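Visitor: Let me give you the structure first, and then I'll get to my questions.
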Amino acid sequence: MNGLKLSQFNYFVSRKNRTYVYNTLFDSFGCLEYDPRIVECTEEDLGIMVENGFYVKENCDEISLLRNDHNSNDKRKINSFVITPTTTCNARCFYCYEKDAQSYSVDSEIKRSIVSFILQNADRGKKLVLRWFGGEPLLCIDDINDIFSSLKDDFHIESKIVTNASLLHGEVIHKLVACNVRFVQISVDGCDDVYLKRKNYLDSQFRFSDLIENIRECLETEMHISLRLNFDKDNYDNIVELIDLVSSMFAGKNISMYPAQLFGSNCNCFSDEKIGSAYFSLIRKIDERNMLPVKYRSIKGLHIIPCMAYSDNSIVIDAKGYLYHCEHDVGNSELSVGNIYTGISDKRCSPNAIPLNSLFEGCKTCAFFPKCAGGCDATRRDGFLPCGFMKYLIEYHVNKLVDQDQKTLNKRHLIIRHGD
């Protein structure tokens, strides 16, 4: 049609006499009273459909467009560092990909060299993001403080931490505040005994009620808490209970939640046919309680290329000074991309750091590809389909917009919303 074709990144929903379409590359949402996949688009609508990315030129290679957009970002400097001060953990989660890793922590020489590496490679004109990871990073709270203190005079630093929160109380919280930690991600696997069984803490005295109190104490500061709700078929119902519990205890507080399916041979994973409805129900329940993370509350807030393995502006540093492009590779020096002494030798040697032009073909033809970039390749490497939260979150929000329009049945012939 006039040398044009429908974009491969259109996601369609048909309801009654209307066809809704969301373009994941342009963040455009439209409504038509006919299906452009069946009926040729009218001249009246064609201009605005092209403008909003629903139609592209017949010879357009949309993967190249996406790749060029990704490659146009400034990659000369690193502005985000994931630092793993220790691989030691005080929990023994049965699904953890680090459970067989050697335990080691930073020493004084490594700390000094980490600081030197960041000073040499970070862009001082931009905000510096430090994300503390583990193992359990709070086991090395003083090391975190040392590294932050050595950098704070040279950068505006925003710190984040991923923790099981078992040590998140008292003086530890005060030290995190002093390190400008403003975001805390806590992985939670359910309530009460389900939680304790799956986390399997070395300290047998730690209880689920202790976790709740630690969260409560942390929320007395300005830190935002994001709960990652890890689920599979075995704890799914308990996760539903957890959502009710957290929303009743912490309504209106600086806390959010999002679901994440577990993968691995030790997990009782949902089938590809069932995982969509499982995600959909959890997302809807969290959204109804207004507790989704802000960036996930509308289509517009969703990230393009959410995985750090696709970014040249982020790097992972482990406690021995090895560099990685993916946090899943920590502890396996064969997958490192360099070290803090000699620098980054090969940004793409990690099997998880796959560039856009070599991704799984099935992903590149998927309408959701601009939003997820093929998902976590570490998951695919382990033999699991990487489709996950991002895909189902988009489906949820598009169907939510469809439901809203169906209630009003707006009489306008075409509705266009940019990530509304």
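Visitor: Determine the relative contact order of segment 240-297: mean sequence separation of Cα pairs under 8 Å and six or more apart, normalised by residue count, in whole percent.
Guide: For segment 240-297, the relative contact order is 48 percent.
Visitor: How much of the DSSP beta bridge set in segment 80-308 is antiparallel, as a percent to the nearest 5?
Guide: Antiparallel bridges: around 5 percent, rounded to the nearest 5.
Visitor: Given the peptides 158-167, 14-23, arrange them by the average over their residues of other C-beta atoms within 10 Å, most packed first.
Guide: 158-167, 14-23
Visitor: What does the charge dipole of the chain about its Cα centre add up to, to the nearest 20 debye, if the Cβ of each Lys and Arg holds +1 and the Cβ of each Asp and Glu holds -1?
Guide: Here the size comes out at about 620 debye.
Visitor: For Glu217 and Lys126 in one chain, what is 0.36 nm times their gap in residues minus the Cα-Cα distance, to one decimal in nm?
Guide: Extra length available between Glu217 and Lys126 comes to 29.6 nm.
Visitor: Compute the signed sum of charges (Lys and Arg +1, Asp and Glu -1) over the other residues within less than 13 Å, Cβ to Cβ, of Lys274.
Guide: Around Lys274, the surrounding residues sum to -2.
Visitor: Compute the signed sum of charges (Lys and Arg +1, Asp and Glu -1) over the other residues within less than 11 Å, Cβ to Cβ, of Leu262.
Guide: 0
Visitor: According to a simple spin-label model (label point 7 Å from Cα along Cα-to-Cβ), what is the distance in nm between Lys152 and Lys407?
Guide: About 4.7 nm, to one decimal.
Visitor: Now a separate question. Quick check on my link table: of Lys371/Lys407; Lys127/Lys175; Lys111/Lys253; Lys160/Lys197; Lys5/Lys285; Lys197/Lys285, which ones sit more than 31 Å apart, alpha carbon to alpha carbon?
Guide: Correct reply: Lys111/Lys253; Lys5/Lys285.
Visitor: Which whole-angstrom value gives the distance between the alpha carbon centres of segment 78-111 and segment 20-63?
Guide: Taking the Cα centre of each part, segment 78-111 and segment 20-63 sit 47 Å apart.
Visitor: Same structure, new question: Please identify every one of the GluC sites (Glu not before Pro) in segment 1-63 that sits in a loop by DSSP and has no more than 15 other beta carbons within 10 Å of its own beta carbon.
Guide: Listed in order of number, the matching sites are Glu33, Glu40, Glu58.
Visitor: Now a separate question. Note down the Stokes-Einstein diffusion coefficient of segment 80-308 in µm²/s, whole number, using a Kirkwood radius over alpha carbon pairs, 25 °C, and 0.890 mPa s.
Guide: The diffusion coefficient I find is 131 µm²/s.
Visitor: Let me ask another. Express in % the proportion of alpha carbon pairs of the chain at distances exceeding 40 Å.
Guide: It works out to 21 percent of all Cα pairs.
Visitor: What percentages, rounded to whole numbers, describe P(r) for segment 2-51 computed over all alpha carbon pairs with 5 Å bin width beginning at zero?
Guide: With a bin width of 5 Å, the distribution comes to 5, 19, 36, 28, 12, 1, 0.
Visitor: Count the DSSP beta bridges whose two residues both fall in the chain, then state the antiparallel fraction as a percent rounded to the nearest 5.
Guide: 45 percent
Visitor: Sticking with this one: If we count other beta carbons within 10 Å of each Cβ, what is the order of Ile344, Ile255, fewest first?
Guide: The fewest-first ordering by Cβ neighbours comes to Ile344, Ile255.
Visitor: Could you work out how far helix 208-218 tilts from the main Cα principal axis of the chain, as a 0 to 90 degree angle to the nearest 10?
Guide: 80 degrees
Visitor: A further question follows. For segment 41-144, run through the chymotrypsin sites (Phe, Trp or Tyr not before Pro) and keep only the ones in DSSP coil with at most 14 other Cβ atoms within 10 Å of their Cβ.
Guide: Counting only loop positions with at most 14 other Cβ atoms within 10 Å, the chymotrypsin sites (Phe, Trp or Tyr not before Pro) in segment 41-144 are Phe94.
Throughout, read-outs are computed from the coordinates displayed, never taken from laboratory work. Keep in mind that what you see is a predicted model, and the values were worked out from it rather than measured. Glycine also receives a Cβ, built like all others from the backbone with ideal geometry; neighbour counts cover every protein chain displayed.
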